[in-house]
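Enquirer: Below is one structure. I have some questions about it.
The values are calculated or read from the model by the stated rules, or taken from the named source; none is laboratory data. Not measured: the values here are computed from a predicted model. Every residue, glycine as well, gets a Cβ built from its backbone with ideal geometry; the counts of neighbours run over all protein chains shown.
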Amino acid sequence: MSEIEIEERELTKKSGAPKRNKRTTTFEICAAAVLMGINLLLSMFGIPVPGGGRLYLCDTAITVAGVLLSPVFAFVVGGIGSFLGDLMFFPAAMFITLAAHGIEAVLISVFSRYAFKSRPVLGSVLGVVVGGLFMVGIYALGSAFVYGTPGYALLSIPFDLLQMSVGGSLGLVLSYPLGLKKFYARLSVGRRLGE
């Protein structure tokens, strides 16, 4: 068990929930705000892909938020952050985006924090897959409703799967191999960077 896990365990009550104090809540709010801003920025720019679609990397920020934050704050980053991006750039789909990316972020958070507590990396990977599939399904149903044709919804599925795969993979790489999860855990319990 690492030092960070020992410190987190010491900060845990008998119920198993992380001890909430003013610093933890303030830190989580600030982290959610930063990740929401990154999500909004990544929603602005799409990478053209063959076949006429665009690849948006906002799923990277959503995955990182799901791994680092509680389900409520993950929803704020994923759902509301993406909603605001669509409100500014593509308002027709903003409510679909709120549901799709909000549920995606919550599922990633629940899988990585609660469902697989002893194996958070596995939980995060499964959360990305399950959350991403929910996102693709919600977008497919929503596109059929907004555009009035199931054909358009079917055409969007491969691009949404690509977005889920690329964004989710990048988010997982940032969180685990590149150490963003450990860095976040150190900062959230109040340790200095040099310790």
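Enquirer: If only one of 132, 85, 142 is in a helix (DSSP H, G or I), at pLDDT 95 or above and of a type outside the set (A, V, I, L, M), which one is it? Working first, answer last.
Expert: Numbers: 85 fails: at pLDDT 95 or above; 142 fails: at pLDDT 95 or above.
Going through 132, 85, 142 in turn, just one is in a helix (DSSP H, G or I), at pLDDT 95 or above and of a type outside the set (A, V, I, L, M): 132.
Enquirer: Show the residue pairs that are 6+ apart or on different chains and have beta-carbon atoms under 7 Å apart, the first residue being within region 41-66 and closer than 15 Å to residue 156 by Cβ and touching a residue at least 60 places away in the same chain (Cβ under 8 Å), the second being crowded, with 23+ Cβ neighbours inside 10 Å and not aromatic (Phe, Trp, Tyr).
Expert: Final answer for the pair search is 55/163; 56/43; 56/163; 59/163; 59/164; 59/167; 59/168; 59/171.
Enquirer: Mind listing whichever residues of region 94-121 are within 12 Å of the chain's Cα centre (by Cα) and farther than 18 Å from residue 169 by Cβ?
Expert: Kept after step one, since they are within 12 Å of the chain's Cα centre (by Cα), are these residues of region 94-121: 100-112.
Across region 94-121, the qualifying residues are 100, 102, 103, 106, 110.
Enquirer: Scan region 75-85 and give yes if some residue there is farther than 14 Å from residue 167 by Cα, surrounded by 20 or more Cβ atoms within 10 Å (Cβ to Cβ) and more than 14 Å from the chain's Cα centre (by Cα), otherwise no.
Expert: For region 75-85, residues farther than 14 Å from residue 167 by Cα, surrounded by 20 or more Cβ atoms within 10 Å (Cβ to Cβ) and more than 14 Å from the chain's Cα centre (by Cα): present.
Enquirer: Go through (1) crowded, with 21+ Cβ neighbours inside 10 Å; (2) under 18 Å from residue 54 (Cα atoms); (3) aliphatic (A, V, I, L, M) one by one and return the number of the condition residue 154 breaks.
Expert: Just one mismatch for residue 154, condition (1).
Enquirer: Among the residues that make up region 171-194, is at least one of them surrounded by fewer than 17 Cβ atoms within 10 Å (Cβ to Cβ), basic (Lys, Arg) and not in a helix (DSSP H, G or I)?
Expert: Within region 171-194, one or more residues are surrounded by fewer than 17 Cβ atoms within 10 Å (Cβ to Cβ), basic (Lys, Arg) and not in a helix (DSSP H, G or I).
Enquirer: Continuing with the same structure: In region 144-167, is there at least one residue being touching an Asp or Glu at 6+ places or on another chain (Cβ under 6 Å) and among the aromatic types (Phe, Trp, Tyr)?
Expert: No, because not a single residue in region 144-167 is touching an Asp or Glu at 6+ places or on another chain (Cβ under 6 Å) and among the aromatic types (Phe, Trp, Tyr).
Enquirer: Looking at region 40-63 only, could you name the residues that are out of contact with any Phe, Trp or Tyr (no Cβ under 9 Å at 6 or more places or on another chain), surrounded by 14 or more Cβ atoms within 10 Å (Cβ to Cβ) and more than 13 Å from residue 89 (Cβ to Cβ)?
Expert: Once the filter is applied, which keeps residues that are out of contact with any Phe, Trp or Tyr (no Cβ under 9 Å at 6 or more places or on another chain), surrounded by 14 or more Cβ atoms within 10 Å (Cβ to Cβ) and more than 13 Å from residue 89 (Cβ to Cβ), region 40-63 yields 59, 60, 61, 62, 63.
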